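Shown next, in structure tokens, is the structure this report addresses.
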Amino acid sequence: MILRLLLALLVSTLWASAQTNAVGNKSADPSATSSTPKIADEEEVGVIITPFRSLTLPEAKTSRTFQLSKVNKLGFTETSKELQRLYSAFATQRIIDGSPSGSSKATGYLTTVNYLLVQDLGDNRFLAKAAWPAAGPNEVLAAGAETMAILLLDKPAKVGDAGNVTGMHVGTVALRFTASYAPLIGKRLTLRREAFVECATLEDSPAGLQKFVEAINAGSEMSVTTNEQIACKKCGGLGFTREAQKGQLLDKRIPCVECASTGKAIISVETKFVP
Ligand SMILES: [Zn+2]
């Protein structure tokens, strides 16, 4: 829902200004005839951003429950240290918005985007030279370096501005526009680029954790997805499997390819919090 809203914001085109320009040009042009009114081809004016490839968030491989009432109780795995770790991850996966709880689950990967604004696309949208670290399990969102990207910023900015923002990846978009930067000035181009929306995440603070615990106890459904290290299922955490050798006392050890002999596997786990 939030993603759709953000994407709509990003993708909203400049039809209005394009049409105004077309009409303005027509009336100002003395050669324009009333019999064949020339309507500007919408492909040739303004900025058009369309979704190109939506992001696909990988599903968590497994899920588990974290019960708050068991924290630090003998015989249970729930600890305050584990709660803090999970909350820290939770805080980085939420974006602050106007919802009743004050934040919503981020619908795309969050990463820090360093940028240099190259062209103003209107409505706080910019074409930027950007860099960001990879994000998501198994680096689903590949890192960018000196990469052109589309940014939707919170506040107005101007070409040449540089900085960094927390950006939520909202997929790849197709941008059709007329370049206004060297050496492509005046060229009508279509670029397919990663798009990011500036956002703020929850603060990882004791007060934030307190609020989080209170919300769960009050019945809010909260979950966090993290990468967890588990024992490799194929080799049982040994790093190898055994094969009986005819006439030999000792089994042959076969290195486990599943875990590259480490005995460990990293999987994506969704932890649901309950009172
Ligand atoms: Zn293994």
Label-point separation, residue 207 to residue 97 (7 Å along Cα→Cβ), nm: 2.4
Alpha carbon Rg of the stretch 142-275, scaled by the compact-globule rule 2.2 N^0.38 Å: 1.80
For the stretch 255-269, Karplus couplings with θ = phi - 60° (6.51, -1.76, 1.60), whole Hz, Gly/Pro x: x, 7, 7, 4, 10, 6, 6, 7, x, 10, 9, 10, 10, 8, 10
When the convex hull of its Cα atoms is projected in every direction, mean area for the stretch 124-221 (nm²): 8.8
Net charge contributed by nearby residues that have their C-beta within less than 15 Å of residue 186 (K/R +1, D/E -1): +2
Solvent exposure of the chain as accessible area per residue, Å², 1.4 Å probe: 60
Sparse-neighbourhood loop sites, chymotrypsin sites (Phe, Trp or Tyr not before Pro) in the stretch 166-229 - DSSP loop, at most 13 other Cβ within 10 angstrom: 181
Intensity falloff of the stretch 81-136 expressed as log10 I(q)/I(0), Debye formula with alpha-carbon point scatterers, at q = 0.15, 0.16, 0.19 Å⁻¹: -0.65, -0.72, -0.88
Expected 222 nm ellipticity per residue - DSSP helices of 4 or more, -39500 (n - 2.57), all of the chain, to 500: -5500 deg cm²/dmol
Approximate spin-label separation residue 89-residue 261, in nm, with each point projected 7 Å along Cα-to-Cβ: 2.9
Cβ-Cβ FRET estimate between residue 214 and residue 8, R0 fixed at 35 Å, reported to 0.05: 0.60
Sites matching GluC sites (Glu not before Pro) across the stretch 183-275 that sit in DSSP coil, with at most 15 neighbouring C-beta atoms within 10 Å: 203, 221, 258
Per residue, the convex hull volume that the Cα atoms of the chain enclose (Å³): 199
Among 170, 197, 71, residue whose mean-square fluctuation peaks in a GNM of the chain (springs only between Cα atoms under 10 Å): 71
Extension reserve of the residue 74-residue 227 stretch, reckoned as 0.36 nm per residue once the Cα distance is removed: 52.5 nm
Relative contact order of the chain, defined on C-alpha pairs under 8 angstrom at six or more residues apart (%): 20
At q = 0.14, 0.28 Å⁻¹, base-10 log of I(q)/I(0) for the stretch 51-106 (Debye sum, equal scatterers on each alpha carbon): -0.60, -1.11
For residue 233, net neighbour charge (Lys/Arg +1, Asp/Glu -1) across residues whose Cβ lies under 12 Å away: +2
Residue 154-residue 184 pseudo-label distance in nm [points 7 Å out on the Cα-to-Cβ vector]: 2.9
Selection of trypsin sites (Lys or Arg not before Pro), the stretch 162-257, meeting DSSP coil and at most 15 other Cβ within 10 Å: 187, 233, 234, 246
Cα-Cα over 26 Å, subset of 105/129; 105/264; 211/233; 81/272; 73/272: 105/129; 105/264; 211/233
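The values are calculated or read from the model by the stated rules, or taken from the named source; none is laboratory data. This structure is a prediction, so every number in the text was calculated from the model and none was measured. Every residue, glycine as well, gets a Cβ built from its backbone with ideal geometry; the counts of neighbours run over all protein chains shown. Surface accessibility is based on the protein's heavy atoms, side chains included, excluding ligands, DNA and RNA. Shrake-Rupley method; radii C 1.70, N 1.55, O 1.52, S 1.80 Å.
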